[in-house]
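To start, the structure under review is shown below, and the notes come after it.
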Amino acid sequence: MFGSKISDTTTLILFVIVVALIPLLAAPLGAGYPALMQFFAIFGILAIGFNILFGLTGYLSFGHAAFLGVGSYSAVWMFKLLSMNVIPALILSILIAGVFALIIGFVSLRRSGIYFSILTLAFAQMSYKLAYSVLTPITNGETGLQLALDDPRILDSARTSGQLPTPNLFGLDMNATRVVDVLGLEVQLNFGYFFSAAFLVLAFWIAMRIFRSPFGLMLKAVKTNQNRLNYTGVNTRPYTLAAFVISGMYAGLAGGLLACMDPLAGAERMVWTASGEIVLMTILGGAGTLLGPIIGATVIKFAEAKLSKFNEGVVHGWFDFLPDGLADVLTWVVAKFVGDGWHLTLGLVFMLVVTFLPGGLVEGARRIGGYLGRRGQKEDLEQLGSNVQGGKTTAAE
Amino acid sequence: MGILEVQNVNKRFGGLQALDDVNLNVEENTVHAIIGPNGAGKSTLLNCFVGRLTPDTGTVMFDGQSLIGRKPHEINQMGVSRVFQTPEIFTDLTILENVMIPSFAKRDGAFKLSPFAAVKAESAIRDHAEDMLGQVGMLEKRHMVASAMSRGDKRRLEMAMCLAQSPKLLLLDEPTAGMARADTNATIDLLKQIADSRPITFVVIEHDMHVVFSLADRISVLAQGHVIVEDHPSNIKGNPKVREAYLGDAHE
Amino acid sequence: MGDIVLQILNGLDKGSAYALIALGLTLIFGTLGVVNFAHGALFMLGAFVTVTFTNLLSFERVTLSETETTAWGSPLEIREPVLQAWFGDFGLWLIDYSVLVSILVAIPIMFIIGVVMERGLIKHFYSRPHAEQILVTFGLAIVLQEIVRTFYGANSISQSAPDALRGMMDFGVVLGFEPGMVPYPTWRFVYFFFAVVVIGGVFAFLQFTTFGMVVRAGMADRETVGLLGIDIDKRFTFMFGLAATVAGLAGVMYTPILSPNYQLGMDFLVLSFIVVVVGGMGSLPGAVAAGFLLGILQSFASMNEVKEIIPGIDQIIIYLVAVIILLTRPRGLLGRAGVMED
Ligand SMILES: Nc1ncnc2c1ncn2[C@@H]1O[C@H](COP(=O)(O)OP(=O)(O)O)[C@@H](O)[C@H]1O
Ligand SMILES: [Mg+2]
């Protein structure tokens, strides 16, 4: 958090307000459309969950995308078999992801440091490869798992129209959107967004409680000195396993929500670079801090949506005021960083953050805040104590 | 019957016989010192008590139960705490949190899933931790991040962490190494005061004879992995074997 | 029997690539203590050095024919590689052997890339946590592959082996089997041979030169070597360059086997990392042995007989082996004690 003076309750209230206002705040930035806002909330949940593992315990999982994928598959299966209501789908997503996390975590947590990272990576890659091969009956291979008209859906009444049903909450459609005019600004109020946002708030609240709990304190202690903790009478294995499972369930929820917004699931969601992206969001915002991961997820999803849309023509428009030759050169250079090339920007930003600001954007904001005033309030800084340390990304060893 | 009974413990590292048929009997509520030149195997012996190492052969009994094959956290939960030769603390956390963690471990056992409890609300634990910090004279610094402390303070912090668990047996590995005389004396006073104020047994590894003779009720001398003498302090001073063991050791 | 030999042979080319990449990874980890997630990208860069070089060599000039005309009456365009025009048959030979010739170009280029990478970035991460090393090199890997993508697009670019080495060879005959029992693509054999030479070269270099001896001593105990007043850092920079070169060459020679695209590195990186861990972090012989072992295992797992018993095993065998090894032998097959533990 930005300062110790803001109490948790205040933070939570502010958070709810900001989340509720996102459709309004995002609209002028051209980000106020449902699909993107849903991404903000869903990837926010994913990053919060990842942070409970990585930010608190220092265990760097490189296979978290597997839980995301598992969550999506579970949800779509629920849509196919049981009902288009999202509640059973989400429950199954969380449960199945939790079971997966329990198994993978139980094995992977026998090792620490880079070995742990490699183990999680290996498990995620196995899931990914199997989803494409032997498990095709469950995953539908490369095509991905989709709804079909003749799915049983035993709880739903038979549909007569020839259209695929859509996920809903007791009849409220996830893609129901109302456009309201706020001072000439078109603001899209999408039910799916608010539904996901409610989970984001819940996820944030739970994370906050964990951060402030004795359980969370033990997790932080695992990160700083696991060895000492063992000699202090604490069995660290169940603590790290609990953190792993909780964070896997967060990812399962996120995967389930993705399927609720767009009912299809594919294996590419589980590929290891997708796991890398989760790490990236968390680091960019600030691992170990409460808000950082959400900020990181939002920034990356926003940048992805924006940058990947620009093409050379758009870029050239920016430089129109310049002499022709110069404009062409600048366009050529800048165009490499947008559109398809936005990953290049992502990679560069990521390198810069890890190198110069390992604490992420939150750490940056704090440094600027500290620079602008608040000097001499040493005690205040000390109070922040362990919370400040979020920036350190020491692998548990 | 002593609280800690060590019988015929051997430990080999490759070609090196680090512990050679070690026998040790520590009486309850006493201070037992282990002295010996560098590399004699003192730390190795402590490691065999806390579950870091398993002896090749031999038995280690604590309070009537064997410690062999137990995990470090199990041994700690039985009432054995250890201060390390180089301070092991939670550097990223505050001093207060450092002491609260062992208090939680003492109260809640080796694992407790309490994600919705609040550390802030645990006033009993905090008061206890602050009490411990007061005893080692660090109460005012409790909100400092532990990494910012001096080495001496880290040592005192580690002591407070161990005391917070009210262990039956406290193992100290060279608690005054590298300290200035004044700090050493303060540590001696602290240990004496602790020993006098509660039922607790100490096993102290020490290099500094001054410390050893001010504290110990009994002394074992370890040389090349072997206990050459175990006796009352007054009998150790003049013992020719001990002198021989230390001869040529630059530190003394 | 012929089948088994064939599977072993089939595993050799992949195994060779794994071994070469893992060798470099281990060198970097052992000397610099750095976990380099960008190492796969170096493999990919090597492959694209060849692609670029071949493009340059095959650069054509267009002349208008004086005698022939097209159907529309305009003079016929004659396309002819510049090299052919200049050097005749030798020029054509160069183009044909471009993959092999590009080795000469790739060595200095990859070495320089490695040194620049070490001096410019990796150097600053020596004393930082492994997690941060992983993350920053992961970022670098993305950057490198995206740069390649902007210039070469996302599609794989095929590259052919020299004509003489393109076909199949009857490897069985060498081993005393009936002719036709063990057909094996010649280029894969070339690749294996090449890998053995490079690996042998690196080991000989470390074993028999003073430079190599100092580096090995540094791998075992960096501080002590530093105390001797030897400038170990410079040597380690050189080792990074060497590791980059080895990875690059592995990529160069792999182009006829697998048409490279910008993601080639990532695919190999994950597997090579697993190879390193299986072999034992910090053990050079371990990395090489595990590379070949896993390559061959993978090839056996792809046999239909095996796939029928355990479906999908070919997809996951390497990961499965890694999991089992890590759990039962945390140090890996030949790893030293205490590397990255505790
Ligand atoms: N884990 C280990 N592996 C190999 N040798 C060790 C190990 N731990 C200690 N030793 C060796 O055992 C001997 C005793 O060490 P130690 O118990 O630390 O001595 P002391 O604490 O009495 O100075 C030393 O020679 C030391 O090098
Ligand atoms: Mg010692």
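The values are calculated or read from the model by the stated rules, or taken from the named source; none is laboratory data. Just so you know, these numbers come straight off a predicted model, no measurement behind them. Because the Cβ atoms are built from the backbone with ideal geometry, glycine has one as well, and the counts that use them run over all protein chains shown. For the accessible areas, the whole protein counts, side chains as well, though only heavy atoms, and no ligand, DNA or RNA atoms are used. Shrake-Rupley method; radii C 1.70, N 1.55, O 1.52, S 1.80 Å.
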Q: Provide a single number: the residues in region B:1-16 that are within 16 Å of ligand 2 (Cβ to nearest atom) and within 14 Å of another protein chain (Cβ to nearest Cβ).
A: 1
Q) Which residues, taken from region C:26-76, are β-branched (Val, Ile, Thr), more than 18 Å from C:Thr255 (Cβ to Cβ) and open to solvent by 10 Å² or more (accessible area, probe 1.4 Å)? A) C:Val62, C:Thr63, C:Thr67, C:Thr69, C:Thr70
Q: Please determine, by comparing only the residues of region A:334-353 that are open to solvent by 30 Å² or more (accessible area, probe 1.4 Å) and not in a helix (DSSP H, G or I), which one is nearest to the other protein chains (Cβ to nearest Cβ).
A: A:Lys336
Q: Would you be able to say whether some residue in region B:25-34 is more than 9 Å from ligand 1 (Cβ to nearest atom) and more than 14 Å from B:Thr201 (Cβ to Cβ)?
A: no
(Q) Suppose we keep only residues that are over 21 Å from C:Ser58 (Cα atoms) and touching a residue at least 24 places away in the same chain (Cβ under 8 Å) within region C:150-177. Which one would you say is most open to solvent (accessible area, probe 1.4 Å)? (A) C:Leu175
Q. What do you reckon, is C:Tyr262 of a type outside the set (A, V, I, L, M, F, W, C), in contact with a Phe, Trp or Tyr (Cβ under 8 Å, 6 or more places away or on another chain) and within 13 Å of another protein chain (Cβ to nearest Cβ)?
A. yes
Q) Taking region C:185-225, which residues are open to solvent by 30 Å² or more (accessible area, probe 1.4 Å) and hydroxyl-bearing (Ser, Thr, Tyr)? A) C:Thr209, C:Thr210, C:Thr224
Q | First in region B:21-44 and open to solvent by less than 30 Å² (accessible area, probe 1.4 Å), second anywhere and among the small types (Gly, Ala, Ser) and within 9 Å of ligand 1 (Cβ to nearest atom), Cβ under 6 Å, 6 or more apart | A | B:Gly41/B:Ala18; B:Gly41/B:Gly225; B:Lys42/B:Gly36; B:Thr44/B:Ala18
Q. Out of (1) among the polar types (S, T, N, Q); (2) touching a residue at least 40 places away in the same chain (Cβ under 8 Å); (3) not in a helix (DSSP H, G or I), what's the single condition that is false for C:Gln133?
A. (3)
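Matching residues to (1) farther than 16 Å from C:Thr255 by Cα; (2) within 22 Å of the chain's Cα centre (by Cα); (3) away from chain A (no Cβ under 14 Å):
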residue	(1), (2), (3)
C:Gly153	yes, yes, no
C:Pro162	no, yes, yes
C:Leu165	no, yes, yes
C:Met168	yes, no, yes
C:Pro179	yes, no, yes
C:Val190	no, yes, yes
C:Val198	yes, yes, yes
C:Val202	yes, yes, yes
C:Leu206	yes, yes, yes
Q: Taking the options B:Asn38, B:Asn76, B:Asn47, name whichever one is within 16 Å of ligand 1 (Cβ to nearest atom) and within 14 Å of chain A (Cβ to nearest Cβ).
A: B:Asn47
Q. Can you pull out the residues in region A:82-97 that are under 22 Å from the mean Cα position of the chain (by Cα) and open to solvent by less than 10 Å² (accessible area, probe 1.4 Å)?
A. A:Val86, A:Ala89, A:Leu90, A:Ser93, A:Ala97
Q) On the given criteria, is C:Ala243 crowded, with 18+ Cβ neighbours inside 10 Å, farther than 19 Å from C:Leu12 by Cβ and away from chain A (no Cβ under 14 Å)? A) yes
Q.
What's the total number of residues in region B:104-123 that are farther than 30 Å from B:Thr44 by Cβ and part of a helix (DSSP H, G or I)?
A. 7
Q.
Of the conditions (1) open to solvent by 20 Å² or more (accessible area, probe 1.4 Å); (2) more than 10 Å from chain B (Cβ to nearest Cβ), A:Ala203 satisfies every one except a single condition; which number is it?
A. (1)
Q) If A:Thr232 satisfies every condition in (1) of a type in the set (S, T, N, Q); (2) surrounded by fewer than 24 Cβ atoms within 10 Å (Cβ to Cβ); (3) at the interface with chain B (Cβ under 8 Å from one of its Cβ atoms) but one, which is the exception? A) (2)
Q: For region B:161-203, name all the residues that are within 16 Å of ligand 1 (Cβ to nearest atom) and either part of a loop (DSSP other than H, G, I, E, B) or touching a His at 6+ places or on another chain (Cβ under 7 Å) (or both).
A: B:Glu174, B:Pro175, B:Thr176, B:Ala177, B:Gly178, B:Val203
Q: Inspect all residues belonging to region A:48-65 and state whether any of them is open to solvent by 10 Å² or more (accessible area, probe 1.4 Å) and hydrophobic (A, V, I, L, M, F, W, C).
A: no
Q) Scanning region B:120-137 for residues that are open to solvent by less than 30 Å² (accessible area, probe 1.4 Å) and touching a Ser or Thr at 6+ places or on another chain (Cβ under 7 Å), which turns out nearest to the other protein chains (Cβ to nearest Cβ)? A) B:Ile125
(Q) From the list B:Phe90, B:Phe104, B:Phe84, exactly one residue is touching a residue at least 60 places away in the same chain (Cβ under 8 Å) and open to solvent by less than 20 Å² (accessible area, probe 1.4 Å). Which is it? (A) B:Phe84
Q: Output the residues belonging to region A:354-375 that are among the charged types (D, E, K, R) and part of a loop (DSSP other than H, G, I, E, B).
A: A:Arg374, A:Arg375
Q) Are any of the residues in region A:217-227 out of contact with any Phe, Trp or Tyr (no Cβ under 6 Å at 6 or more places or on another chain), without any contact (Cβ under 8 Å) to a residue 12 or more places away in the chain, open to solvent by 10 Å² or more (accessible area, probe 1.4 Å) and within 30 Å of B:Ser81 (Cβ to Cβ)? A) yes
(Q) Any residue at all in region C:9-25 that's of a type in the set (Ser, Thr, Tyr) and surrounded by 17 or more Cβ atoms within 10 Å (Cβ to Cβ)? (A) yes
Q. Of (1) modelled with pLDDT under 90; (2) open to solvent by 10 Å² or more (accessible area, probe 1.4 Å), A:Leu280 satisfies all except one. Which?
A. (2)
Q: Being within 9 Å of chain C (Cβ to nearest Cβ), of a type in the set (Val, Ile, Thr), open to solvent by 10 Å² or more (accessible area, probe 1.4 Å) and farther than 17 Å from C:Val321 by Cβ is the filter here, so list the residues in region A:102-136 that pass it.
A: A:Val134
(Q) Within region C:276-287, does at least one residue satisfy the condition of being outside any loop (DSSP other than H, G, I, E, B), more than 10 Å from every other protein chain (Cβ to nearest Cβ) and open to solvent by 10 Å² or more (accessible area, probe 1.4 Å)? (A) yes
Q) Within region B:62-71, is even one residue surrounded by 19 or more Cβ atoms within 10 Å (Cβ to Cβ) and either closer than 27 Å to B:Lys241 by Cα or touching a residue at least 24 places away in the same chain (Cβ under 8 Å) (or both)? A) yes
Q: Could you please find all residues in region B:17-53 being in contact with a helix residue (DSSP H, G or I) (Cβ under 7 Å, 6 or more places away or on another chain) and more than 16 Å from ligand 2 (Cβ to nearest atom)?
A: B:Val31, B:Gly51
